[in-house]
Every structure is written in structure tokens, then in C-alpha cells.
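Comments concern the structure below.
The values are calculated or read from the model by the stated rules, or taken from the named source; none is laboratory data. Source: prediction; values computed, not measured. Ideal geometry is used to build each Cβ from the backbone, glycine not excepted, and the neighbour counts take in all protein chains shown. Areas reflect the complete protein model, heavy atoms only, side chains present, ligands, DNA and RNA absent. Shrake-Rupley method; radii C 1.70, N 1.55, O 1.52, S 1.80 Å.
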Amino acid sequence: MQTQILKMNLSSPLKTQLEPALTLLKKNEIAAFPTETVYGLGANGFSKEAVAKIFEAKGRPSDNPLILHISNWEMLQEIAVFNQELVKTLSQKFWPGPLTLVLKRKDKVPDLISAGLPTVAVRFPSHPIALALISGCAFPLAAPSANRSGRPSPTTAEMVYKDLNGKIPMIVDGGECTIGLESTVLALHEKKPVLLRPGAVTYEELKEILSDLTLSHHQEHQKVHSPGMKYTHYKPKSRIVVFENMNQLDPIILKYKKLKTVCFTLDSSLILRPEIELILFEDALEMSRRLYSLFIELEGQGVDLILIQAVSEKGIGRALMNRILKAADEVLS
Ligand code: TXA
Ligand code: MG
């Protein structure tokens, strides 16, 4: 299969430019497209046949459910049953945006989307291309991140191409994603709300509305709340070592002195250490946005070791540390 790249010009009307992608999606074919978090691999969320193609292209286990992406409140009513007042409050504050809600599902949702669970995950993205695609289709788009299973979520069309070239018919290229980490997943179908996956809508922001919000703990013996959590997360070939303070740095550098090393930090005082190749980020937002693409880039350059200085787990820092710790080989504390 030839993978076509549909390059978008964000300053001209999107609907006409998106015609080729809309035609494919309406024929129950799949296409990758940008969202504000990461690129998604979209298909008609009401078609079993279309959704099956996502699992096939990604090599995704069928017991890992998908998110349905919507562009209006009516679509939400069609697919889920929920506490109207609570979801209204959350949606007024965070939608469109990087928040996914796990709700009781209606029968219209194919079993394959929910992996047989009685729930469905729903997100109302804010990216103009994602919104134009969903509105143009007039059905929700099922979309996991547009990577082969076990690879990092792509944040550019080039990353999608590297991973899925020849396996999908089209990639809508809308440039780099602004957030770079996957959406926050919040379960609302049980008595108490549970944060299943931290993201750019932060724990602190949600806690202001949901005072009984709890964090899920992913210990092995626990029941798997979010099926995606049990799968191994992407690790670059480079070894990843997470450290907290400068005192830990010299022993690591000594230990790994023969390795080609790059260090990620927010701390500009490290510039004074010319022997360390640094990537200095402005803040946790910038590190989040670039994390996955840097993993791929550095791995490609044959970097053996990526040292990452831990960031504070406040705000987006919680999501960033969650992804970094999943990728880590060694954590010094
Ligand atoms: O930012 C995002 O969420 C991106 C963009 C494309 O929207 N999508 C994304 O999808 O990250 P995916 O499939 O890579 O991750 C979805 C996560 C998985 O961990 C999955 O297990 C969980 O959401 N999930 C989906 N449906 C669920 C459900 N009914 N109950 C619990 N967890 C669910
Ligand atoms: Mg994914």
C-alpha cells in the first residue's frame, strides 16, 4: 500500500483540503491526523470493519480499547450514558482539549472499540484539523496514537510515516503537535473519579472540580483499570537514566564515560559543564512537547545514554514524569 501525505495549509479553509481524507474515512478506510496531543490513527467509530483496520495497522492487541473523538455534545449523547451536570462542568472547562473521559457506553459503540468493557473513552480534541475531520464525517472517529504498538506516540507526520509507511493509505500532515504527550484519561463510570493517565489537563485542575478524585496505582496485583497500562511502554534503544540532583551526575558520568551521552535538563547551571552534551529546556512544557521526537532522533544518531533530570511532578510535570519513568532503565533517587 502506498501511503499518501496530505500536507495542510492551516491558513486556508480546511474542509476542501481535507476532502481526500474525508472520502477515505467515509469509505471505512483509515487515516492518520494531528491532534493537539499526538497524531491519531482515525477510523469510523461506528464501523467494526473500519476499526478492525486500526488494530491491524498498529499491531495492537484487541483487548486494548480505543478513544472515540467527537466534535459536539450530540455525538457524546449518542455513545455514552453519564451524569449530565458533572460532564457539562468538565466539558465547559476542558473541552475541546486534552481530556478523555471514560463513561458508561451505549450499545451503538462497537465491542471492538471498548474491548468488551461496559465503558467507552471519549475525547473532544481542540486541533482544527481533527475537528474539521470529525465534523466532516459526522461520526465519531476512533483514534489511538498513530504508532505501531510498542513505539512512541508520534508528534509529527514524519514520525507517523517512519512507523506506518505502507500500512495506512494516508497521513494528514498538520505540523508538530503542541502538547506532545497523550491526553489525560479520567474514569467517571465508578463511584469515585479516577485519574487513569496523567496529561496536559492536570491533576490539580481536575481536583478543583472533583474533590474525591483519586490516582490509579499501577501495581501489578491491582485490577487493570485502563487496559493500556499493562502493555510495555516505548523505550528507545538508548539507555535512559533519571537523576534528581547534581551530586548524582559525576558518578554517572564516570560510570558511563565511554558512552555517547546526552543530558536533558531544565537547569541552566549545567551549561558550565562543557563535558556534558546538554539539551536545555525552557520548562516542563517544552520537554513534554519534544520528548518523543527526541527519543527517536537521538536513538537514530546512535546516542547510547540519555540522562534526564527529574522535573517536579506538578502540573504537566506529573504527565511528563509518568512517561519518563516508563521509559527509564535506571532511576537514581
Ligand atoms: O491524546 C490522546 O489520547 C491520543 C490522541 C490521538 O487522541 N490518543 C491516544 O490513544 O493516546 P491510545 O489508544 O494510544 O491510548 C488510549 C488509552 C489507552 O491506555 C487505553 O487503554 C485507554 O486510553 N482506554 C481507552 N478506552 C478505555 C476504557 N473504556 N476504559 C479504560 N481505559 C480506556
Ligand atoms: Mg498509544
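Here are a few things to note about the model shown:
- Residues of region 23-46 classified as more than 23 Å from the chain's Cα centre (by Cα) and either within 13 Å of ligand 1 (Cβ to nearest atom) or surrounded by fewer than 17 Cβ atoms within 10 Å (Cβ to Cβ) (or both), total: 4
- Hits in region 191-223 - residues which are at pLDDT 95 or above and charged (D, E, K, R): K192, R197, E204, E205, K207, E208, D212
- With respect to (1) touching a helix residue (DSSP H, G or I) at 6+ places or on another chain (Cβ under 6 Å); (2) more than 16 Å from ligand 2 (Cβ to nearest atom), the lone exception for K167 is condition (2).
- Considering only residues in region 137-160 that are open to solvent by less than 20 Å² (accessible area, probe 1.4 Å) and within 16 Å of S47 (Cα to Cα), the one that is farthest from ligand 2 (Cβ to nearest atom) turns out to be C137.
- Matching helices (runs of 4 or more DSSP H) fully within region 229-333 where at least 1 residues are open to solvent by less than 70 Å² (accessible area, probe 1.4 Å) and acidic (D, E): 284-300
- Only residues that are closer than 17 Å to K108 by Cα, among the aliphatic types (A, V, I, L, M) and either free of Cβ contacts under 8 Å to residues at least 40 places away in the same chain or assigned to a helix (DSSP H, G or I) (or both) were counted across region 58-88, and they come to 4.
Listed here are the residues, each with its yes/no results for (1) open to solvent by less than 50 Å² (accessible area, probe 1.4 Å); (2) charged (D, E, K, R); (3) part of a helix (DSSP H, G or I); (4) more than 16 Å from ligand 2 (Cβ to nearest atom).
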| position | (1), (2), (3), (4) |
| --- | --- |
| K93 | no, yes, yes, yes |
| P96 | no, no, no, yes |
| T100 | yes, no, no, no |
| K104 | no, yes, no, yes |
| V120 | yes, no, no, yes |
| I129 | yes, no, yes, yes |
| I134 | yes, no, yes, yes |
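- Qualifying residue in region 199-217 (condition: within 13 Å of ligand 1 (Cβ to nearest atom) and either basic (K, R) or under 22 Å from N9 (Cα atoms) (or both)): no
- Residue count for region 96-112 satisfying the condition of being within 8 Å of ligand 1 (Cβ to nearest atom) and under 18 Å from the mean Cα position of the chain (by Cα): 3.
- So T16, is it more than 16 Å from ligand 2 (Cβ to nearest atom), closer than 19 Å to A143 by Cα and among the hydroxyl-bearing types (S, T, Y): no
- Selection count where residues are within 13 Å of ligand 1 (Cβ to nearest atom), in a loop (DSSP other than H, G, I, E, B) and not polar (S, T, N, Q), scope region 136-189: 17
- Some residue of region 72-80 being more than 15 Å from ligand 2 (Cβ to nearest atom), of a type in the set (D, E, K, R) and in contact with a Lys or Arg (Cβ under 8 Å, 6 or more places away or on another chain): yes
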